[in-house]
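Every number in this text was worked out from the coordinates using simple rules, so none of it is lab data. Note that the structure is predicted; figures quoted are calculated from it, not measured. Every residue, glycine as well, gets a Cβ built from its backbone with ideal geometry; the counts of neighbours run over all protein chains shown.
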Amino acid sequence: MIAVPKMFCPKCGTENPDDSNFCRRCGSRLGRTFTEEFNVAAKDLVSKIEDLIREGNVTHIVVKNEQGRVLLELPATVFVVGAILAPWMAALGAIAALATNCKVVVERRSD
């Protein structure tokens, strides 16, 4: 019997064949990803997020306050369907009005 290499979904933990592009349970994109962190002044938060979305290889964005508390998470589906992006950007504007500095954690595909 030949063992087939397996890949685990980073979102739900489901075991998938190594050659899978998407999780068979939750549909999340599989493959190599890496994260980056940026410290951003609140006044620049919305423009930074817009720039990241335009880059196209972003799969997940998390905005945290200075203490590391998660303020907003933007999943990849938000970037794909531009019509639902407007309410998220309004929320970012509200966060920028309340915070002084934010940390933006970005997950990217490395394909």
Residue order, fewest to most surrounding Cβ atoms within 10 angstrom, among 51, 44: 51, 44
Backbone HN-Hα couplings from phi across region 58-67 [Karplus 6.51/-1.76/1.60, Hz, Gly and Pro as x]: 7, 10, 6, 10, 10, 10, 10, 7, 4, 8
5 angstrom amide H check on residue 16, placed H, neighbours 5+ away: 7, 8, 9
Cα-projected label distance for residue 35 with residue 105, points at 7 Å along beta-carbon direction, nm: 0.3
Karplus (6.51, -1.76, 1.60) ³J(HN,Hα), θ = phi - 60°, over region 7-15, in Hz, Gly and Pro reported as x: 10, 9, 5, x, 8, 10, x, 5, 7
Local net charge near residue 66, Cβ-Cβ under 14 Å (Lys/Arg +1, Asp/Glu -1): +2
